[in-house]
Amino acid sequence: MDTRCYGFFFVLLSLAVISLAYDPDTLQDLCVADRTSGIKVNGFICKPESNITASDFFFAGISKPAVVNNTVGSAVTGANVEKIAGLNTLGVSLARIDYAPGGLNPPHTHPRATEVIFVLEGELDVGFITTANKLFAKTVKKGEVFVFPRGLIHYQKNNDKAKPASVISAFNSQLPGTQSMAATLFTASPAIPDHVLTTAFQIGTKEIEKIKSKLAPKKG
């Protein structure tokens, strides 16, 4: 194979790698996030290497089930760059999701990452919807894996009304972001005008206000 062929395949490989990379690639061994810095960049400023410790790469927050005390019946514990400073520029993160019996992780998206779940306990009905409005749904059990493509609306529902369930989620972003469909549309600040919502959902203003009241953050 001559050098032109090698060059051609190198270009193809490079394009494939670029197309798969969502977070910028790191250019150094470590760039532990300095979350106290007021400087805004795409990610976080690196703290001085002399100040880096092993604790910057450690987090115990997903070792135990979270307390689920909301109306939808699920709790998400992130293990991302906001919790693990050492993840900065590495392009990966985790989360743990715990579900009460019958609990739901409502329809939502991750604008910056694909998600892969691994079922720790229980059995869940999961699914995602493509931009062609096609639903891909499946029941997943302990030890099984399911993938939610980047940016697509998806959900998970514990189908056991007697036992809790839990999963570990992996993301190809240090901070994948989450937009819950209901909360995004009905609790935005400033609020989306009612006439936009009434037209979009073909319901009246009273129904819009009722939904908003149910989704409004509880005052402590």
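Ligands, DNA and RNA are left out, and with a 1.4 angstrom probe the accessible area of the stretch 49-177 is 50 Å² per residue. Residues of the stretch 101-133 with backbone nitrogen within less than 16 Å of a virtual label 7 Å along the Cα-to-Cβ line of K163, please, listed as ranges. So the set is 101-103, 119-125. Taking volume of the Cα convex hull per residue in Å³ as calculated from this structure, the corresponding entry among (i) 235; (ii) 173; (iii) 215 is (iii). Fully extending the segment from D194 to A182, taken as 0.36 nm per residue of separation minus the present Cα-Cα distance, adds 2.9 nm.
Listed values for the stretch 138-144 are Karplus-derived 3J(HN,Hα) couplings in whole Hz (6.51 cos²θ - 1.76 cosθ + 1.60, θ = phi - 60°), namely 7, 9, 10, 10, 3, x, 9, and x replaces Gly and Pro. On the basis of the beta-carbon distance and an R0 of 25 Å, R35 and T139 show a calculated FRET efficiency of 0.05.
Summing Cβ point charges (Lys, Arg +1; Asp, Glu -1) relative to the Cα centre of the stretch 49-177 gives a dipole of roughly 340 debye.
Ligands, DNA and RNA left out, the accessible area of the stretch 68-220 computed with a 1.4 Å probe is 61% carbon and sulfur.
Each Lys and Arg contributes +1 and each Asp and Glu -1, all at the Cβ; summed about the Cα centre of the chain, the dipole is approximately 760 debye.
The values are calculated or read from the model by the stated rules, or taken from the named source; none is laboratory data. Everything quoted here is computed from the prediction, not taken from an experiment. All Cβ positions, glycine included, derive from the backbone under ideal geometry; neighbour counts span all protein chains shown. Areas reflect the complete protein model, heavy atoms only, side chains present, ligands, DNA and RNA absent. Shrake-Rupley method; radii C 1.70, N 1.55, O 1.52, S 1.80 Å.
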